[in-house]
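I have placed the structure first, in the form of C-alpha cells, so that the comments after it can refer back to it.
The values are calculated or read from the model by the stated rules, or taken from the named source; none is laboratory data. Owing to the predicted nature of the structure, the values given are computational and were not obtained by experimental measurement. Cβ coordinates were reconstructed from backbone atoms using ideal geometry, including for glycine residues, and neighbour counts include every protein chain displayed. We work out accessible area using only protein heavy atoms, side chains counted, and drop any ligands, DNA or RNA first. Shrake-Rupley method; radii C 1.70, N 1.55, O 1.52, S 1.80 Å.
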Amino acid sequence: MEVHRKEVHGLAGKIAYTYIQNGSDRVCFMFAGRGYSYDRPLFYYSTMKLIEDAFDIVHVHYDYAPSFFDQPWKEIAKLIERDVSAVVGDVLHQKEYPHVCFLGKSMGTLPIAEGLIHDYQGARFVLLTPLFKHDLYKKPLTQTSAQVLVFVGGQDHHYIQDVVENLAGRSNMRIEVLEKANHSLDLADMDTSSSIEVMKQVVESIGTFMKE
C-alpha cells in the first residue's frame, strides 16, 4: 500500500488530498464534514474497512474560512463541488477505475447532491447525515438512477421525516434511520456502548454496499 499527499488547483487556491493506493480497480472518494475530519470514528473505520476490502481511497482536504459559510447554501454547494471535482478529475486522470464510489458526511454530501451524483451515474454513493434542512437534495436524489445508501439519525437536527420517507420509496435508495442517533450518529443520551454498536452497524453496511 502506498500513501501520497497531492494537490490540485481549486477556487481558493490549492486543494490537498491524500491518495491511498491499494493496487485496486475500485476507488472511494471521501468528503469530510465541517468539523468532522478523517480521523473521526465514522471516517477512520470506514477507511479501514474499505482498505481491508481492497479499495483505493482518496481523502479530500478542503479548508474554508468562516466567511465562506456566510453565502447561501446553494452557492456553497456549487463551490465545494467544483473543488472536489478537480480532485476527482486529477485522480481519474492518473488511473482509470472501473468501479468508483463516493462517501460524504454532512457538508461533504453537498458536492454529491450538487453535481457528482449526476456526473457519475454508474458510481455508488454513501451519504452520512445529509443536510436535509436545506432544499438541495430533492431534485438530484429523486432524479438519479445511481445506487445510494443514506444514514440519518432520528435525533439529528437535519432529519426531515417527509424527505426521508419520500426517498425510502425509491428502488435505488437505501435509507437507514438510526432512531436515537444525533448528527454525529452517536446516541443522543451518551450511551457509549450503544454508540459503538451503531458505528459498527454503519461501517459494516457501507462495506457490504460498496462491494455489491
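Can you find, within segment 179-195, the residue that is surrounded by the fewest Cβ atoms within 10 Å (Cβ to Cβ) among those that are closer than 17 Å to Thr129 by Cα, among the hydrophobic types (A, V, I, L, M, F, W, C) and over 17 Å from the mean Cα position of the chain (by Cα)?
Filtering first and then ranking leaves Ala188.
Identify, please: which residue in segment 136-175 is basic (Lys, Arg) and more than 19 Å from Cys101 (Cα to Cα) and is, among those, modelled with the lowest pLDDT?
Lys138
Give the residues of segment 1-58 that are of a type in the set (A, V, I, L, M, F, W, C) and part of a strand (DSSP E or B), sorted by residue number.
As a first pass, look at segment 1-58 and keep what is of a type in the set (A, V, I, L, M, F, W, C): 1, 3, 8, 11-12, 15-16, 20, 27-32, 42-43, 48, 50-51, 54-55, 57-58.
Matches in segment 1-58: Val3, Val8, Ile15, Ala16, Ile20, Val27, Cys28, Phe29, Met30, Phe31, Ile57, Val58.
What are the pairs, 6+ residues apart or on separate chains, where a residue within segment 166-194 that is in contact (Cβ under 8 Å) with a residue 40 or more places away in the chain has its Cβ under 9 Å from a residue that is charged (D, E, K, R) and assigned to a loop (DSSP other than H, G, I, E, B)?
From segment 166-194, the pairs are His183/Asp156; Ser184/Arg40; Ser184/Asp156; Leu185/Asp156.
Please go through segment 10-60 and give me each residue that is small (Gly, Ala, Ser) and either in contact with a helix residue (DSSP H, G or I) (Cβ under 6 Å, 6 or more places away or on another chain) or surrounded by 17 or more Cβ atoms within 10 Å (Cβ to Cβ) (or both), ordered by number.
Listed by number, the residues that qualify are Gly10, Ser24, Ala32, Gly33, Ser46.
So Arg174 passes all but one of these: (1) open to solvent by less than 60 Å² (accessible area, probe 1.4 Å); (2) touching a Leu at 6+ places or on another chain (Cβ under 6 Å). Which condition number does it fail?
(1)
Just to verify a result, which residue in segment 69-79, among those that are free of Cβ contacts under 8 Å to residues at least 40 places away in the same chain and not in a loop (DSSP other than H, G, I, E, B), is nearest to Lys211 (Cα to Cα)?
To start, the set of residues in segment 69-79 that are free of Cβ contacts under 8 Å to residues at least 40 places away in the same chain comprises 69-72, 75-76, 78.
Still in the running and not in a loop (DSSP other than H, G, I, E, B): 69-70, 75-76, 78.
Numbers: Phe69: 35, Asp70: 39, Glu75: 34, Ile76: 32, Lys78: 30 Å.
Out of the qualifying residues, it is Lys78.
With respect to Val88, determine if the residue is open to solvent by less than 10 Å² (accessible area, probe 1.4 Å) and more than 25 Å from Met199 (Cα to Cα).
yes
Go through (1) at pLDDT 95 or above; (2) touching a Leu at 6+ places or on another chain (Cβ under 7 Å) and name the single condition Leu11 misses.
Going through the list (1) at pLDDT 95 or above; (2) touching a Leu at 6+ places or on another chain (Cβ under 7 Å), Leu11 breaks only (1).
Scan segment 163-174 and give yes if some residue there is within 20 Å of Ala77 (Cα to Cα) and not polar (S, T, N, Q), otherwise no.
yes
Scan segment 158-169 and tell me whether some residue there is farther than 22 Å from Ile57 by Cβ and in contact with a Leu (Cβ under 7 Å, 6 or more places away or on another chain). I'd like the intermediate steps shown before the answer.
Residues of segment 158-169 farther than 22 Å from Ile57 by Cβ: 158-169.
Remaining after also requiring in contact with a Leu (Cβ under 7 Å, 6 or more places away or on another chain): 158, 167.
The answer is yes, given that some residue of segment 158-169 is farther than 22 Å from Ile57 by Cβ and in contact with a Leu (Cβ under 7 Å, 6 or more places away or on another chain).
Condition (residue is closer than 23 Å to Arg40 by Cα, of a type outside the set (Ser, Thr, Tyr) and loosely packed, with under 15 Cβ neighbours inside 10 Å) applied to segment 69-76: is it met by at least one residue?
There is at least one residue in segment 69-76 that is closer than 23 Å to Arg40 by Cα, of a type outside the set (Ser, Thr, Tyr) and loosely packed, with under 15 Cβ neighbours inside 10 Å.
Look at segment 132-142 and say how many of its residues are touching a residue at least 12 places away in the same chain (Cβ under 8 Å), out of contact with any Leu (no Cβ under 7 Å at 6 or more places or on another chain) and not basic (Lys, Arg). Don't jump to the end; show me each part of the working.
Taking segment 132-142 and keeping what is touching a residue at least 12 places away in the same chain (Cβ under 8 Å), we get 132-134, 136-138, 140-142.
Cutting the leftovers down to out of contact with any Leu (no Cβ under 7 Å at 6 or more places or on another chain) gives us 132-134, 137-138, 140, 142.
Among the residues that remain, those that are also not basic (Lys, Arg) are: 132, 134, 137, 140, 142.
Of the residues in segment 132-142, 5 are touching a residue at least 12 places away in the same chain (Cβ under 8 Å), out of contact with any Leu (no Cβ under 7 Å at 6 or more places or on another chain) and not basic (Lys, Arg).
Quick check on my filter: what residues within segment 45-62 are among the β-branched types (Val, Ile, Thr) and touching a residue at least 40 places away in the same chain (Cβ under 8 Å)? Lay out the reasoning, then the answer.
Taking segment 45-62 first, the residues among the β-branched types (Val, Ile, Thr) are 47, 51, 57-58, 60.
Correct list: Ile51, Val58, Val60.
Taking segment 164-195, which residues are closer than 18 Å to Gly108 by Cβ and part of a loop (DSSP other than H, G, I, E, B)?
Across segment 164-195, the qualifying residues are Asn182, His183, Ser184, Leu185, Asp186.
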